[in-house]
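Enquirer: One structure is given below, represented as structure tokens, and several questions about it will come after.
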Amino acid sequence: MNPAWIVLIYLSIVVYIGIFAFRKGKESGEDFFLASRSLGQFIFLLSLFGTNMTAFAILGSSGMAYHRGIGVYGLMASSSGLIIPLTLFVIGTRLWALGKRFGHMTQVQFFRDRWECSGIGTVIFALTAAMLVPYIIIGVMGGGHTLATISAYKAEDGQVVSWIGYEVGGAIVAVVVMSYVFFGGMRGTAWVNTFQTILFLCFGTIAFVLIGAKLGGFDTIMEKMSQQPATASLLNRARITPEEFFSYMFIPLSSIMFPHIAIMCLTAEKVTHFRKTIVFYPICIALIWIPSVYLGVIAANEFPGLKPGETNDVIPQMLTKHTDAWLAGLLGAAIMACVMASDSQILALCTMFTEDIFAYYGGKERFGDKAQVWTGRAFVVLVTGASYLIALKLHDKENIFELAIRFAFSGFAAMAPVMLAALFWKRSTKWGALAATLWVALSLAGTWILHSQSEAMAKALKPGETAAIIPELGNLFMRTKGAVVMYGFLPVMFMCIGSALLMVVVSLLTRPPSQGTIAKFFPGGKAIGALPPAGAAT
């Protein structure tokens, strides 16, 4: 029995959930994109968490831990467990209140309303869409790697082959995700995410216990690895510098600027749904990240010598090697559940396009609400197809973790000052937001150029080594094995600081919004988002 069959059965169930949601939905924009703002507390909690746990969480973290050690948990999970619930409490509840009162369905709608801007809102949309695409790509990559590994078997000549290759596996995942997002919209995505979140929350503990028992217990494994020079440094923070560790504390700021998280915050039926979400979010993070990081570290002892792009599937390899076929299939389905959380990113991008471009520039008024929904569905097909084609080119060339950090997380973290200023600072202006947005766009472009030009240099480096990309500038731009750093710090730190400074300085030098707009969003001197909207459920 090949475990891939169980994964394929799971994918069929997921498609059915999306089609069932389609039958329950309405042909209106608010229902398709926000599930009529009616998600209950249980579904809201699990779908909000699930939408933020993509292939990055399981495959990316384990692949990074393979090379960098258990300190990877401290890089992301520890700070995320504190900062993400805090941002949901401070920012998410206010976005919910404003969206309920004024009918906002996207961040750009809020920015346009708050700062009386049109073209600048379109610029923010363009950058946001560009930064979200890499996040969607890693979902397709993760699906391709997982199915290719799970379906592997030993041929008659002794060669290990996969009857579902990376290309076919990625295509299957892309089609499945596209199907239930296309039909079910936000309701289908939320229901599927709830089902998937339950599945992959159970995965970590089960895989952790079973694989550990098969290898003689984790205490035995850790003892063995600590005595080997090649793996001993994986059990401490030796491969992570203090500067890099500090830089990663800025990354969780990206959470509330991710369109899929912000839009998901607007779907809650009541503001009180945020309470348990904030409490349970850190627990859910631990249930996912601890097993993934430890299994990634153990994989370094099981499969030594893998390159960065080849470590995206170390957990599926561990499953097929150390568990029975049927169990590997069940756990593989749980991994797929996490991988396919990219559905929310696709829906978010679709929502932004239809609301911030199609509807804003007259499409909805001219063609109607039903045409807006079908335009969104067409955009789902376009984005998913483009992401699949890009994922094919990145096969075994990019580590999922580093790809997400370099583009998606860094960019959205640097846009956090824009959201904070819009919600809490009366004097903030659209020109400050434009300056911060352009700074983020230029910084990402510069980072991409430096990273591309130094790829050959990175191949010659050993883990922990650095080299100057531009020798004339000294330690300003340095290259490590996996990233570009500035004086040892990740670019995200400088991007966040620069964005905040530009937001403040340019806002103070330019004309503020009208008194009517300020009174609309800050009545009585308080941010309107701090209070429940008039007449809304609380």
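Enquirer: Assuming a ≥ b ≥ c are the square roots of the Cα gyration tensor eigenvalues, decide whether the range 324-474 counts as rounded (a/c under 1.5), prolate (otherwise, with a/b larger than b/c) or oblate.
Expert: oblate
Enquirer: Still on this model: Go through the range 220-233 residue by residue and turn each phi into a ³J(HN,Hα) via Karplus (6.51, -1.76, 1.60, θ = phi - 60°); whole Hz please, and just put x for glycine and proline.
Expert: So the J values, rounded to whole Hz, are 5, 5, 5, 5, 5, 5, 5, 8, 9, x, 6, 10, 4, 6.
Enquirer: Note down the nm distance, to one decimal, between modelled labels 7 Å out along Cα→Cβ at Arg511 and at Phe494.
Expert: In this crude spin-label approximation the distance works out to 3.6 nm.
Enquirer: Convert each backbone phi in the range 488-499 into a coupling constant with the Karplus relation 6.51 cos²θ - 1.76 cosθ + 1.60 (shift: θ = phi - 60°), then list the ³J(HN,Hα) values in order as whole Hz, x for Gly and Pro.
Expert: After applying 6.51 cos²θ - 1.76 cosθ + 1.60, I find x, 9, 5, x, 4, 5, 5, 5, 5, 5, x, 4 Hz.
Enquirer: Further question on the same structure: Listed here are the pairs Lys393/Lys430; Lys214/Lys393; Lys224/Lys321; Lys321/Lys459; which of them are more than 31 Å apart at the Cα?
Expert: Among Lys393/Lys430; Lys214/Lys393; Lys224/Lys321; Lys321/Lys459, the Cα-Cα distance tops 31 Å for Lys393/Lys430; Lys214/Lys393.
Enquirer: Next question, about the same structure. Calculate one ³J(HN,Hα) per residue across the range 73-80 by plugging θ = phi - 60° into the Karplus curve 6.51 cos²θ - 1.76 cosθ + 1.60, and present them in order as whole Hz with x for glycine and proline.
Expert: Each residue of the range 73-80 in turn: 4, x, 4, 10, 5, 5, 6, 5 Hz.
Enquirer: Let me ask something additional. Taking only C-alpha pairs under 8 Å that are 6+ residues apart, what is the relative contact order of the chain in percent?
Expert: 30 percent
Enquirer: Set the Förster radius R0 to 60 Å, insert the Cβ-Cβ distance between Glu30 and Gln227 as r into 1/(1 + (r/R0)^6), and round the FRET efficiency to 0.05.
Expert: 0.50
Enquirer: Report the chymotrypsin sites (Phe, Trp or Tyr not before Pro) located in the range 451-515 that are in a DSSP loop and have at most 14 other Cβ atoms inside 10 Å of their Cβ, or state none.
Expert: Tyr487
Enquirer: Please compute the modelled spin-label separation between Val123 and Leu382, points set 7 Å along Cα→Cβ, answer in nm with one decimal.
Expert: 2.3 nm
Enquirer: I would also like to ask the following. Residues with amide H under 5 Å of Gly488's amide H, sequence separation 5 or more or different chain, H placed in the peptide plane at 1.01 Å from N; which?
Expert: Met478
Enquirer: Counting helices only, and only those DSSP H runs with n ≥ 4, report the 222 nm mean residue ellipticity of the chain as the sum of -39,500 (n - 2.57) divided by its residues, in deg cm²/dmol to the nearest 500.
Expert: Taking each H run of at least 4 residues, the total per residue is -20500 deg cm²/dmol.
Enquirer: Does the range 97-144 come out rounded, prolate or oblate, given a ≥ b ≥ c as the square roots of the eigenvalues of its C-alpha gyration tensor, rounded meaning a/c under 1.5 and, failing that, prolate meaning a/b above b/c?
Expert: Verdict is oblate for the range 97-144.
Enquirer: Which of rounded, prolate or oblate describes the range 315-358 when judged by the alpha-carbon gyration tensor and an a/c cut-off of 1.5?
Expert: prolate
Computed from the coordinates by the stated procedures, all read-outs in this text should not be read as laboratory data. The shown structure was predicted, so the numbers you read here are calculated from the model rather than taken from an experiment. Virtual Cβ from ideal backbone geometry, glycine too; neighbours counted across all protein chains shown.
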